[in-house]
Amino acid sequence: MSLIAPGSPDSRLRDATGSPDLSGGKKGDSDPFMDLLFSGWNPDLPDPARLNQYIDVFFKNDPCGSRVLHKPSFLAAMKLSPKDPGFPHSSILHAICASASRWNPTDVITLPDSTRRDQFAEFHASKTRQYIDKTMASGEDIFSVMQACILLSWYFYQEGRWVEVWIFAGFQTRVAVPLRLNYPGTFSTHGNNSPGAYLAPPKDLRDLESRRRTWWMTILFDRIASVGGWIHAVDERDLGTELPLRTEDFESEAHVPSNPQDLSTADVFTRHPPQYTDAFLLLIKAVMLFGKVTDFNVRELDKLVCEDFLANLPPIFRNNAGITETTEGATVNTDLYMVHIIPHAATITLHNPYIDFTNNDNVSMSRCVNSAKQILKAFYSLSQESIDVTKLHPFVTICWYLAAVVLVQLCKHYIETGDQEREARIWGEINVLRFAMLEYGSRSPIGTRQERLLQGLMREIVRMTAQKHPLEVNVPLYPFSHRTNQNQQQHGPSMDAGSSLQNGQMYHQSSNASDRTLSPPNMNGVRLAPPPHPMNGANGAWPMRDISASPGQHNNLDLLSSTSNYIGNGL
């Protein structure tokens, strides 16, 4: 609105800042400007006639971002009331103004260094970024804002703003992946309980193709931003989305079957079916072919992440998991501790989408179960040494969460197969990680946030289980000391972590005030809501079982001891 010329009929309603002065004017006067505002029009946008000019210029001239928008329906939506839910999102309109100003400059100045500065474009680019920031915080209108982000990214590219280009290239892919745009059909029910799966299935062919094009334009931008040889934000092997349709079929909404080609098609770069070939599709293939040059021989992820990295650490680091005994007690080198568990978190991230618990020969299942075991084992090595977990690197909470994700899936499998003994054992291990996150959260909010995410992921198995109080199963006691013999004398024989107690009974918590536990009463003053059902324990305290002995001292304490223990003949 600041672009309204001084002295124009609308300028009388503005104060010194250029913002509308809604108190001006006489009562009863009919004013087109005020009528426009009261209609719901965004006052930061140009007036409708001028905005439509920019939209027309955009579709005629923009070679990049315009590919993601369905032009016929977009133009039809512009005729709706601004208050109509179908009216184009303001973030897209601002991005169009920024992009189209290149071909229809309005307020351009030349700086002393001879560079060009389009104040109109910069104003609308900043408005687009405000919507992006707002949506990243709230998740509202995320797909529309994602498209606006693509338009804005290409604006930055054309402006030669390389830092923003690189940042937005990564940003877009990070937004697109939780939206499931990288799956065939731009939707997947696999792992749909994980946080961030915002989009429902496409509602029609136009929606489906819009998502495909949004995804592929994101990938093209990533590849082009990486032309210098920097690694891509998304690996080619993770691009499961089929190639889009021809532009003419997209705009006409023709009932054409999905493109049979994707990047896994053997001859995708040498065979071009006429019904699925136009200039835009060939551009995608050309850019992806160039991207292969960048990808070539960069990494062999599975072997490197799952085996080679840790195996090839220098002996002084390979044989030290980060915990050192001193005369004053155990200390932890947080960096080295993370070095030993991050590869296992990476393994889970790499293989989790391909887990099949019904197949004993499934490599991804074996990888993930083993990595979850190692993360748990590393946690127990802390718990027995009185080490304050809240001093670890905050990424440790993500590692715990990823291990718990595997356990939740495994628990669901045991529920479905009726293996109640193994199911109970898994519940205990899930609770170990839950309380680890909560203790970390007593000092850093990321811990409690990750535990809340895990709770959301657990809703299905909580509903499915026959366990009476699943969130109370084998809630562990971590005495963080070497008082194993003393604890056994006080509480009876030590439980191995793979065992479960009948009827949900557990060992009582030690009354020694020096014991640090992950139980709610001892979390640095942070108390959780009481459990929904009474728990077995002295004086109503949260009962805890004793696992104070070193995991290495128990034959059966390896929590996921081996793949066969969980998914072997018992399946």
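The values are calculated or read from the model by the stated rules, or taken from the named source; none is laboratory data. This one's a predicted model, so the numbers in the text were calculated from it and none came from an experiment. Note that each Cβ is placed from the backbone with ideal geometry, even for glycine, and that neighbours are counted across all protein chains shown. Please note that ligands, DNA and RNA were not included when accessible areas were found on the heavy atoms of the full protein model with its side chains. Shrake-Rupley method; radii C 1.70, N 1.55, O 1.52, S 1.80 Å.
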Inset, instruction - At 1.4 Å probe size, with no ligands or nucleic acids counted, give the accessible surface of Val256 in Å², nearest ten. - result: 20
Inset, instruction - Please state the charge dipole magnitude for segment 72-173, taken about the Cα centre, from unit charges on C-beta atoms (+1 on K and R, -1 on D and E), reported in debye and rounded to the nearest 20. - result: 140
Inset, instruction - Just tell me which lysines come within less than 21 Å, Cα to Cα, of Lys79; anything on the same chain fewer than 8 places away is out. - result: Lys60, Lys71
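Considering only Cα-Cα distances, which of the following residue pairs are longer than 28 Å: Lys373/Lys468; Lys83/Lys127; Lys203/Lys412; Lys292/Lys377; Lys83/Lys203? Each step should come with its number before you reach the end.
On the way: Lys373/Lys468 26 Å; Lys83/Lys127 19 Å; Lys203/Lys412 30 Å; Lys292/Lys377 39 Å; Lys83/Lys203 22 Å.
From the list (Lys373/Lys468; Lys83/Lys127; Lys203/Lys412; Lys292/Lys377; Lys83/Lys203), the Cα-Cα distance tops 28 Å for Lys203/Lys412; Lys292/Lys377.
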Inset, instruction - Using only protein heavy atoms and a 1.4 Å probe, report how much of Lys412 is accessible, in Å² to the nearest 10. - result: 60
Legend entry - Mean Cα-pair separation over length for segment 342-421, i.e. relative contact order, pairs under 8 Å, 6 or more apart, %: 34
Inset, instruction - Quick one: grab the alpha carbon gyration tensor of segment 292-415, order the square roots of its eigenvalues as a ≥ b ≥ c, and give me rounded if a/c is under 1.5, else prolate or oblate depending on whether a/b is larger than b/c. - result: oblate
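Starting from the Cα gyration tensor of segment 142-189, take the square roots of the eigenvalues, sort them a ≥ b ≥ c, and report rounded, prolate or oblate (rounded when a/c is under 1.5, otherwise prolate if a/b is larger than b/c, else oblate).
Working: a/c = 3.14, a/b = 2.34, b/c = 1.34.
Prolate shape, in that a/c is at least 1.5 and a/b is the bigger ratio.
Report Rg/Rh for segment 26-114, rounded to two decimals, where Rg is the Cα radius of gyration and Rh the Kirkwood radius. The partial results should precede the final answer.
Numbers: Rg = 15.4 Å, Rh = 14.7 Å.
We get a ratio of 1.05 for segment 26-114.
For segment 61-131, calculate the relative contact order in percent as a whole number, restricting contacts to Cα pairs under 8 Å that are 6 or more residues apart. Could the numbers behind the result be given before it?
On the way: 55 pairs, mean separation 19.4, N = 71.
Relative contact order, segment 61-131: 27 percent.
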Inset, instruction - Give me the aspartates and glutamates in straight-line cross-link reach of Lys303: C-alpha distance below 18 Å, same-chain residues under 8 apart excluded. - result: Asp235, Glu236, Asp238, Asp295, Asp361
Legend entry - Accessible-area ranking of Lys203, Lys60, largest first, probe 1.4 Å: Lys203, Lys60
Legend entry - Accessible area, probe 1.4 Å, largest first, for residues His340, His393: His393, His340
Inset, instruction - Give the accessible area for His89 in Å² (nearest 10); use a 1.4 Å probe, count only protein heavy atoms, and leave out ligands, DNA and RNA. - result: 40
Inset, instruction - May I ask you to derive the FRET efficiency for Val462 and His393 from their Cβ-Cβ distance with R0 = 22 Å, giving the value to the nearest 0.05? - result: 0.15
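How do Glu328, Glu122 rank by accessible surface area computed with a 1.4 Å probe, from largest to smallest? Could the numbers behind the result be given before it?
Numbers: Glu328 175, Glu122 65 Å².
The ordering from most to least exposed comes out as Glu328, Glu122.
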